[in-house]
1. Just order 53-64, 3-14, 72-83, 28-39 by mean Cβ neighbour count inside 10 Å, highest at the front, would you?
2. Mind pulling the angle between the C-alpha long axis of helix 5-14 and the longest principal axis of the chain? Nearest 10 degrees, somewhere in 0 to 90.
3. Which label belongs to the value computed from this structure, given these candidates for Rg/Rh (Cα atoms, Kirkwood Rh): (i) 1.40; (ii) 1.14; (iii) 0.92?
4. Quick one: compute the contact order of the chain, relative version, from alpha carbon pairs under 8 angstrom and 6+ residues apart, as a percent.
5. Using label points projected 7 Å from each Cα along Cα→Cβ, tell me how many nm separate Ile34 and Glu22, to one decimal.
6. Could you give the dipole magnitude of the chain about its Cα centre, charging the beta-carbon of Lys and Arg +1 and that of Asp and Glu -1, in debye to the nearest 20?
7. Give the residues of region 24-38 whose amide nitrogen is closer than 17 Å to a point set 7 Å from the Cα of His13 in the direction of its Cβ.
8. When Lys and Arg each count +1 and Asp and Glu each count -1, what net charge do the other residues less than 12 Å away from Ala24, Cβ to Cβ, add up to?
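Every read-out reported here was derived from the displayed coordinates using simple, explicitly stated rules and does not represent laboratory data. Just so it is clear, the structure is predicted and the values come from calculations on it, not from any experiment. Note that we place each Cβ from the backbone using ideal geometry, even for glycine, and neighbour counts take in every protein chain shown.
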Amino acid sequence: MALTLDDVKRVAHLARIAINDEEARATHAQLGGIFDLIAQMEAVDISGIEPMSHAQDVVQRLRDDAVTETNQREPFQAVAPQVDAGLYLVPRVIE
């Protein structure tokens, strides 16, 4: 994608950024470098590479799935405003 100096000025105007000609030229050069880097990255053949969820092959340590708290359902429901068949009743918020 070819980016012109007028494009830079237009985007700056749309973003409500005051930019003079010198800043526009500097920004144009920086954006050109970014677009060149993107083009280099797109040129790399990644067809044989499997997608990764993380840059390192790490596995999370998992703890045993064991109950550590006692069942306190009855005391909690005893102080609840409304309970029906073991379920908490709440006011309707969407009609």
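1. Working: 53-64: 5.9, 3-14: 13.2, 72-83: 9.5, 28-39: 11.7.
Most protected by this proxy first, the peptides run 3-14, 28-39, 72-83, 53-64.
2. Approximately 40 degrees, to the nearest 10.
3. Computed from these coordinates, Rg/Rh (Cα atoms, Kirkwood Rh) corresponds to label (i).
4. Working: 23 pairs, mean separation 14.6, N = 95.
Here the relative contact order equals 15 percent.
5. 2.2
6. Working: 8 positive and 16 negative charges, 76 e Å.
The dipole of the chain has a size of about 360 debye.
7. 24-25, 28
8. Net local charge, Ala24 excluded: -2.
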